Every structure is written in structure tokens, then in C-alpha cells.
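All remarks here apply to the structure that follows.
The values are calculated or read from the model by the stated rules, or taken from the named source; none is laboratory data. Note that the structure is a prediction, hence the values are computed from the model and not measured. Every residue, glycine among them, receives a Cβ derived from its backbone with ideal geometry; neighbour counts consider all protein chains shown. Just so you know, the surface numbers come from the protein's heavy atoms only, side chains and all, with ligands and any DNA or RNA stripped out. Shrake-Rupley method; radii C 1.70, N 1.55, O 1.52, S 1.80 Å.
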Amino acid sequence: MSISKTTELQALKRVSDVVALTLKEMRQYARPGMTTKQLDDFGGELLSRFGAKSAPVITYGFPGWTCISINQEVAHGIPSEKTVLQEGDLINIDVSAMLNGYWADNGGSFVLGRDIHQHQQLVDASKQILQQAIHQIKGGVRIGDIGHLIETKAKRNGYTVIKNLCGHGVGKGLHEEPDHICNYRDPYDTRRFRKNTVIALETFISTKSTFAVESPDGWTLVGNRGGYVAQHEHTIVITDGVPLILTEKNEIWN
């Protein structure tokens, strides 16, 4: 969406605070021995307490309040009573919600406890690349140039990007124009970011894979070549200068 009124910005800030704080609290609540279902239920309770509705539930009928992907799962992981968190797991939590007709989206990967499997370097690269990309976005910048930046930074760190998972517009719905804000250079993408537009920008930085493929459960995505993926995501408002980061309270860069 494109913001045209102060009331719209205030409403977006409220829902963005909700998803950001839910993500932060879920990250802090996670511990070894807990199931992903327990972690998701905690997140669902937080959303309900804020008066918000889970975006994946009301949009897609997703079987969980949030998406929780573990280790070699790339995205859209289903919370389960059978999946028990372990020390050193690479965990991704993606929280999106609707509050009073406005939507926001954010996510982040982290290592649970001690980094016994050496995932932290990947996580840090994803965080840094998202931060660098966001701070290059302003009205008039080519969308494809940001994808080129993300892909170039990933390659310099020895990683690949997942090409079929992208950022997107958000605000009055979960996915809006501009869609397909990709993590790679598309020479045919001549679109430009527009001032006052709301987008969810996200990285998908991988150790091996370049595409995400669907698992037999019909939801969970895994890499086409295996390996691991880190994702970080903020909802932002594009300006003439540095974007306004609406979901900054998730503290994914801390």
C-alpha cells in the first residue's frame, strides 16, 4: 500500500509493533526440550492478547499461528508436537498478522543456545545483508538493484540466495504490489521503489541451495540442494531518505 494519511501510518505502526514484539518474545521463550507447537502456541497467545489475527491462518488456512522452520527447513515450517528443539538448532520464526484491517510481516533466524553446529556465521551474514539492503532503499531506486546488492553480498560471503522466495508489498493485505522483490539481479525488472510505499523486505541466504521446493506435507519448504538457510525480514515504509523500519522492536539486528 501507499500511505496517504497519518492515521494509516499509525495503524501500520500498531500492527508492526505487534508482530515485532511477538517475534522477539518467541525468540526469547524458545529453549531446548520445547516442541515447536509449544513455541507456536505461545506466539498465538501473544497475538490474541494484542487483539491481532494470524495472517497465515486467515489468509491460507495455515496449520499454525506462526511459521517455525528448523535446521534444513527453509520456510513455512509447520509447528508440531513431534519436533523438539535442540541445543544449537538453526531456528527461523516468521510472524505476520492483521490488526484492525492493517497487516505487517517480519521474521528472523537464530541459533538456539550454543553454536555447536556453526550456524552463527550464516545468521550474521543474513542480518548484515538485510541491514545493508534496507539502507539503500528510497524512492526512485530500482527494485532490481536491491536484489543485485543482496546476491552480490551473499556471494562475497560464500553463500547463495533462494531465488523463488521474495519480499513483497504489505499493508492492506499480506501480499501486495510490488511483488517479487527478489534476492538476485533480474535485468528485466525495471520497476522502482516509490515513496510512501510499504514493503516487507526479506533475505534468504543459503549455504548451498538456490530454490525452495515443497515438502510432502504441502507447506514446508526445503532447499533444492540441501544445506541451510537464514532469513531476516522487516516491514518498512519507503521515504526520500532512510526507510522507516516499522518492525524495529523485533530487535533482529541485536
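Each row is one residue, and each column tells you yes or no for (1) buried (at least 17 other Cβ atoms within 10 Å of the Cβ); (2) assigned to a helix (DSSP H, G or I).
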{"residue": "86", "(1), (2)": "no, no"}
{"residue": "95", "(1), (2)": "yes, no"}
{"residue": "107", "(1), (2)": "yes, no"}
{"residue": "117", "(1), (2)": "no, no"}
{"residue": "130", "(1), (2)": "yes, yes"}
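Those strands (runs of 3 or more DSSP E) of the range 184-250 in which at least 2 residues are under 18 Å from residue 104 (Cα atoms) and modelled with pLDDT of 95 or more, considering only elements entirely within it, cover 198-206, 229-237. With respect to the conditions (1) over 17 Å from residue 245 (Cα atoms); (2) open to solvent by 10 Å² or more (accessible area, probe 1.4 Å); (3) polar (S, T, N, Q); (4) touching an Asp or Glu at 6+ places or on another chain (Cβ under 9 Å), residue 197 lacks only one, and its number is (1).
Among residues that are assigned to a loop (DSSP other than H, G, I, E, B) and either modelled with pLDDT under 95 or surrounded by fewer than 16 Cβ atoms within 10 Å (Cβ to Cβ) (or both), residue 48 is not included. Looking only at the range 135-171, filter to residues that are in contact with an Asp or Glu (Cβ under 8 Å, 6 or more places away or on another chain) and assigned to a helix (DSSP H, G or I); which one of those is surrounded by the most Cβ atoms within 10 Å (Cβ to Cβ)? The qualifying residue surrounded by the most Cβ atoms within 10 Å (Cβ to Cβ) is 147.
Checked against the criterion of being within 27 Å of residue 101 (Cβ to Cβ) and without any contact (Cβ under 8 Å) to a residue 24 or more places away in the chain, the range 207-221 contains not a single residue that satisfies it.
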